[in-house]
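Reading through the structure tokens given below for one structure.
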Amino acid sequence: MSSKVCARTRRAALWAGLALVLAGILVLPLSAAPARVGTPYRIGFIASVTGPGSSLGTPERDVARLVQERLNREGGIPGPDGVRHEVQILINDDQSRADVAASLARRLIEQEQVHVLVGTTLSGPSLAIVPIATELRTPNISMASARAIIEDPATKRMRTWIFKPVPENLHSAAKQAEYLKAVRIDRVCHLYENTAYGQDTFASAKQEFPKAGIRILYGDSFDRFATEFPQVTRVRASGCQAVVIGSIPPAAAVINVAVAGRVGPRKIVHGHGACSPDLIRTAGQAAEGTVMPCGKILVADQLPANDPVRRVNLELIAEYARVSGGQPISTFAGHAYDALQWALVGLQAVPDGQPLARIRELARDGVERIRNYVGTHGVMNLSPEDHLGFDPKDFVIVTVQGGRFVLLPPDRWK
């Protein structure tokens, strides 16, 4: 081979090698650059896993586990600057007690230094958390219903650091009144458990029922651990056409059985706190024909195909069945899911590199700016004047038929 040919061959090889090196330089950063990882976030989660609220708190805890699994699979959440953050959900049980809830909230905020708090299941314990979260300037998203959780009863102003994605007893009472009026019932009795939730259901009924021309002929509270109900005797003598029950399972189921067995063919109407499979499981045949306003998650498979919450709920129901060992969904699982999603939306609004106090402030602001959130109950829009953002039109009436919850649209009320 001539020297000229050898030289050309060496130059060709050199250029080819240089081209490969340049190609590697151009491609390598695109494929090998690691994603930026920022400050890990912590969400303190408190639910009533044991105690009287366990039928609500247990599915809420299961949803927290579900969301944690999802976050682990997805590698956390991105911030507005593209930095990804690991998220840890610290799950705690308040035993359905206000004092335990308050103690847990303070420990999670001060010692665990959580960035957002989600808690808790019941209205009483949730109200116990309010002053602590406010004092320590940490956003708290409650899973309970009482209006006083997010609104100061004295000033009627939103509590700056407190939110909740849970419809209120006023919404429930208004829907009950709408249904009762449609079926031509204007005289009712109201029995409610002697708790913050139960008392709020009665107060809400007294506010909403008269607007629909409905009179409460007899109202009384009962102990949620009771097995004997002398109130039922008074119901029989009252002349009311229907019995409204303001309680959560298992107490809601126990008094449902007592009323159904002793007051004759009067309609039984529950509040949204009874929207749980535990009502049917415990009350059995006595639950048949009862009606109640509930979140759409309970009857997701019966919603119209164009309802925006149908797909979200069906996906959640399938995933929940997997993590809970096949348990049916309850409206309370939806409360936990929405509360945690709000917490994540808030944290996604925080740029990396902020101190703890600033992260909490920015997360709070992010939650308050939530718009068009498609949740388990409906489409929600929050603002400084509304830390719930629920449209009451998204409440549906359901009945119990054949041992399951069935959607009862208005054209089937009469």
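Identify the residue in the range 211-234 that is at pLDDT 95 or above and aliphatic (A, V, I, L, M) and, among all such residues, is farthest from Lys175 (Cα to Cα).
Restricting to residues being at pLDDT 95 or above and aliphatic (A, V, I, L, M), the top hit is Leu217.
Give the residues of the range 80-89 that are among the hydrophobic types (A, V, I, L, M, F, W, C) and touching a Lys or Arg at 6+ places or on another chain (Cβ under 6 Å), sorted by residue number.
Of everything in the range 80-89, just one residue is among the hydrophobic types (A, V, I, L, M, F, W, C) and touching a Lys or Arg at 6+ places or on another chain (Cβ under 6 Å), namely Val83.
Residues to consider are Leu314, Leu356, Leu344; find the one that is surrounded by 19 or more Cβ atoms within 10 Å (Cβ to Cβ), of a type in the set (A, V, I, L, M, F, W, C) and modelled with pLDDT of 95 or more.
Values: Leu314 fails: surrounded by 19 or more Cβ atoms within 10 Å (Cβ to Cβ); Leu356 fails: surrounded by 19 or more Cβ atoms within 10 Å (Cβ to Cβ).
So the residue among Leu314, Leu356, Leu344 that is surrounded by 19 or more Cβ atoms within 10 Å (Cβ to Cβ), of a type in the set (A, V, I, L, M, F, W, C) and modelled with pLDDT of 95 or more is Leu344.
Being farther than 11 Å from Thr121 by Cα and in contact with a Pro (Cβ under 9 Å, 6 or more places away or on another chain) is the filter here, so list the residues in the range 53-80 that pass it.
Result: Gly76, Gly79, Pro80.
I'd like to verify a number: residues in the range 232-267 that are under 19 Å from Tyr197 (Cα atoms) and either surrounded by fewer than 23 Cβ atoms within 10 Å (Cβ to Cβ) or hydroxyl-bearing (Ser, Thr, Tyr) (or both), how many? Steps first, please.
At the first step, the residues of the range 232-267 found to be under 19 Å from Tyr197 (Cα atoms) are 243-256.
Then drop every residue that is not either surrounded by fewer than 23 Cβ atoms within 10 Å (Cβ to Cβ) or hydroxyl-bearing (Ser, Thr, Tyr) (or both), which leaves 247, 250, 254.
Result for the range 232-267: 3.
What residue, of Glu208, Glu112, is modelled with pLDDT of 95 or more and part of a loop (DSSP other than H, G, I, E, B)?
Residue meeting the stated conditions: Glu112.
Exactly one condition in (1) of a type in the set (D, E, K, R); (2) farther than 25 Å from Ile46 by Cα; (3) touching a helix residue (DSSP H, G or I) at 6+ places or on another chain (Cβ under 9 Å); (4) not assigned by TED's automatic domain parsing to the domain that holds Asp223 is not met by Lys156; state its number.
(3)
Among the residues of the range 114-172, count how many are of a type in the set (S, T, N, Q) and surrounded by fewer than 24 Cβ atoms within 10 Å (Cβ to Cβ).
Adding up the residues that qualify gives 3.
The values are calculated or read from the model by the stated rules, or taken from the named source; none is laboratory data. Keep in mind that this is a model prediction, so the values were computed, not measured. Note: ideal-geometry Cβ built from the backbone for every residue, glycine included; neighbour counts use all protein chains shown.
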